[in-house]
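To start, the structure itself, in structure tokens.
Just so it is clear, none of the values below were taken in a lab; they were calculated from the coordinates. As the structure is a computational prediction, the values presented were derived from the model and not from experiment. Cβ sites come from the backbone with ideal geometry, for glycine too, and all protein chains shown count toward neighbours.
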Amino acid sequence: MNKWIQFKEQPLRFLKDIMLKPKRVEMNYSSLSPYTHLLYTGENITGFNHLNLWIPHFIEANIDFLVFVRNLKLFHFLKKEYPHITVLFAKSQTELDVYLQQLPFLKACFYPSNTGKNLHLLHFNHLKHIFIGHGDSDKTASVHKYFRVYDENWTAGEAHIDRFRNAGFNFLGLENIRVGRPNLKEILELSEVAWQERFEGKINLLYLSTWEGVVFEHDYTSVSMINTAFNNIYTTFDEINIKLHPWIGRRESNLLNTSKVLEKSLKEKNIKFSIASKDTNINILIKKSNIFICDISAVVTDCLAANAPIFVYIPKNKGIKLSKSKMGYEDYTYVFSTVDELVTKIDTVLGGNDYLREKREEAMQYILGKEETLQNQFTKQLINIKN
Amino acid sequence: MALNLSKLKTNNQNICMLHLASEKLNKYHLAYWIEIFDKYPLQISYLVRDKKSFKELIRLYPTHQILFASTPVDVETIVNAQVLLKAVFFSLNTVKDIHLLRFNHLKHIFIGTKESKQLLQYTKAYRAYDEIWVSGQHMIDKYKSSFENVGHMNLKIIGKPQIKEIFLENETYENRHRVFIYLSKLPSILFQLMHLLLSSLNRYSICLIVEQYSIINNLKMMIKGYSSKVDSYPKNKISDVLSSSFDYFITDIDTISIAYLAYNKPLLVYVDKNIDKTTLKLDIPNDALYLFSNQEEFLEIVKNIDKDILKSKRDYYTQYFLGKIETLEDRFAQELIGL
């Protein structure tokens, strides 16, 4: 937008842009030349969670990498969180092009999500474009035709590749490579101890909700029934930890007070509990839990790394569109649609009949790429590109 | 402005939708395709992503199904409202294409625009589409040479349906004693050429395109006595001018265009004497062009112009760039029916 028009139509945004825009002196082009790897997001501030998932592993690989973002707020946030890594910001494609011309040794770009602005980088044919994602989900968004713009798709396990095979379109130019889930390595190592024997025999529940979706048809959340469920099952647990999706209440304003309702209810029950803030790293919560209740989302596979029973809410009559792999939720998690169903299944499992244990372990390899994770396959692939 | 479905027919039978997501050029892209789609008995909608051009387009084409969507959710609503929809056409590769490319049940086809030469970038991003419909083999060669792995990309030659009539009208050669001249600058040789054509050769009338129309009076003064044989037009009238016939085209290295190949006429190109002709790279390869740098070379070419020794080369490039055979065979229509 022309600056004068922006000043007239969006004066606050205009001033904000001026205040936040990185100064030219920060753009020291000569210092950019050694970089070989570029981690990119076209997302707004929500892109931080995607980048945060990968940056520690890029650092660990000891390669020359930089992070490139398209949102000023995210740029400043990243500079603060990671002061020792190079972060670049470009508002327009022209600015991005100028930076890219200063990176003669750049070999590959890594994308944690599909956004329209990825297009600006995809114009560089001499670079390898690699999708690395930000989790593993059965939702249809995890497999669609746009993925074909990339040269490679680094997946956790074989499941994501099967989803492509079953999606019904040709993806001949896309090479799928299994690299595991490096951010889950620590949890996978902890899961060597049987879930019943962790935490001195205590049973700690973690509840992870999704939000109510943009439209009713995409509403997969269990938040409206979870309080009733807790009333029926709370005595079974030594501790209940909760992390609600930060967008809860965006469409259904009556859900905005979900956190308060749950807090009040659990306080009355005199049970040890916590409701995590939106910034809490989910892996910290997973590590201290050995029973999980989740909605359909990528967190199910995060919990899978802990090799403990997972109860997944599948709403009835929603006609949920999931991309197909060899293993569905019902194969390795205890699915439920009602409170009664949840209570019955929890009783069975905690009563000693964890009948999905073997399938769950199979899913850990098939979905998460357990072996590839433990063998640091992601780091090895990063180093391969450098060489 | 939110979602606007006011132009969507109730119980529509739309099979295809054209996605128009340029920030400035939607009007031109739609004008390029709408008459072509109108020729065929299939229902099509036009999805516009910019509210300013949407308002303009519904005014220009009040009876067409022109829709507006701002967000990805709006796009989803529009797709769901067209239950028979099978294919989406894209005229430009834009950041908003991803909103449609996530629908796996639809076929995604890139068809480009009139300005494809300037706007196409032959990048890996085009691999997102299922098919790319191109005018001629040269675009396929460009894609294949631009990056190693074209993967699943289905590149189909459909010709240029917009210029079918031009091909048909110029199938046979008829001497009109009329010459088309379009030079970007006004080199002194222009006056010599005009003089030659009007006096010595004495059989031609001239259609002159000038970039600076203001100089036209000075020009007319210099060719006094022949002014009735010279028609002059500004650059923006070029497409109107081309609707009449010429014996040959005289251009320079900046004004030569692949579009002239469709007229099936000799193409003469003035090259400044200081430029090395052997290293010259023009839109049309040199071996199909009559290059000249002075009056003597020009006269030599014109003397033998009836023999037109470069015709076969020109025919080859007409097919290579413009897909003449596919255009005349209505390959575009066949592909549409095949959807």
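Some values worked out for this structure:
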quantity: Helix-only [θ]222 nm of chain B, DSSP H runs n ≥ 4, -39500 (n - 2.57) each, per residue, nearest 500; calculated: -8500 deg cm²/dmol
quantity: Total formal charge among the other residues, if their Cβ is under 10 angstrom from that of A:Glu239, Lys/Arg +1 and Asp/Glu -1; calculated: +2
quantity: Listed residues A:Ile314, A:Ile161, A:Ile233, most fluctuating in chain A (Gaussian network, C-alpha, under 10 Å); calculated: A:Ile233
quantity: Theoretical FRET efficiency, 1/(1+(r/R0)^6), r = Cβ-Cβ of B:Ser70 and A:Ser277, R0 41 Å, to 0.05; calculated: 0.80
quantity: Footprinting exposure proxy for A:Glu372, A:Glu81, A:Glu358 (fewest neighbouring C-beta atoms within 10 Å first); calculated: A:Glu358, A:Glu81, A:Glu372
quantity: Among A:Asn317, A:Asn44, A:Asn227: highest mean-square fluctuation, GNM of chain A, C-alpha pairs under 10 Å; calculated: A:Asn317
quantity: Calculated FRET efficiency for the pair B:Asp231/B:Leu310, C-beta based, R₀ 45 Å, to 0.05; calculated: 0.95
quantity: Value of [θ]222 nm, deg cm²/dmol, for chain A, DSSP H segments ≥ 4, -39500 (n - 2.57) each, nearest 500; calculated: -10000 deg cm²/dmol
quantity: Alpha-carbon Rg with Dmax, taken over segment A:186-367, Å; calculated: 15.6, 44
quantity: Longest site-free stretch - chain B; sites: trypsin sites (Lys or Arg not before Pro), DSSP loop, at most 16 other Cβ within 10 Å; calculated: B:87-175
quantity: Gaussian network model of chain A, springs between alpha carbon atoms under 10 Å - residue of A:Thr41, A:Thr280, A:Thr155 with greatest fluctuation; calculated: A:Thr280
quantity: Under 24 Å from B:Lys52, Cα to Cα: lysines that are on another chain or at least 8 residues apart; calculated: A:Lys3, A:Lys8, A:Lys91, A:Lys117, B:Lys7, B:Lys9, B:Lys24, B:Lys27, B:Lys96, B:Lys114
quantity: Restricting segment B:136-184 to GluC sites (Glu not before Pro) in coil, as DSSP defines it, with at most 13 other Cβ within 10 Å; calculated: B:Glu148, B:Glu171, B:Glu174
quantity: Coil-residue trypsin sites (Lys or Arg not before Pro) of segment A:61-129, DSSP, other Cβ within 10 Å capped at 14; calculated: A:Lys91
quantity: Neighbour net charge for A:Gly42 - beta-carbon separation under 13 angstrom, K R +1, D E -1; calculated: +3
quantity: Calculated FRET efficiency for the pair B:Asn286/A:Ser253, C-beta based, R₀ 56 Å, to 0.05; calculated: 0.20
quantity: Label-to-label distance, nm, for residues given as A:His126 and B:Lys303 (7 Å Cα→Cβ offset); calculated: 5.0 nm
quantity: Distance from segment A:64-125 to segment B:285-308 (C-alpha centre basis), Å; calculated: 52 Å
quantity: Which of B:Leu322, A:Leu374 has the fewest Cβ neighbours within 10 Å, and the rest in rising order; calculated: A:Leu374, B:Leu322
quantity: Average beta carbon contacts from partner chains per residue of B:152-163, 10 Å cutoff; calculated: 1
quantity: Distance violations [Cα-Cα > 20 Å] among B:Lys160/B:Lys265; B:Lys164/B:Lys324; B:Lys164/B:Lys229; A:Lys79/A:Lys185; A:Lys202/A:Lys287; calculated: B:Lys164/B:Lys229; A:Lys79/A:Lys185
quantity: Label-reachable residues, segment A:173-205, where backbone N falls under 14 Å from a point 7 Å from A:Glu361's Cα toward its Cβ; calculated: A:191-196
quantity: Sites matching trypsin sites (Lys or Arg not before Pro) across segment A:192-287 that sit in DSSP coil, with at most 16 neighbouring C-beta atoms within 10 Å; calculated: A:Lys202, A:Arg250, A:Arg251, A:Lys269, A:Lys278
quantity: Residues B:His177, A:His84, A:His50, sorted so that the one with the fewest Cβ neighbours within 10 Å comes first; calculated: A:His84, B:His177, A:His50
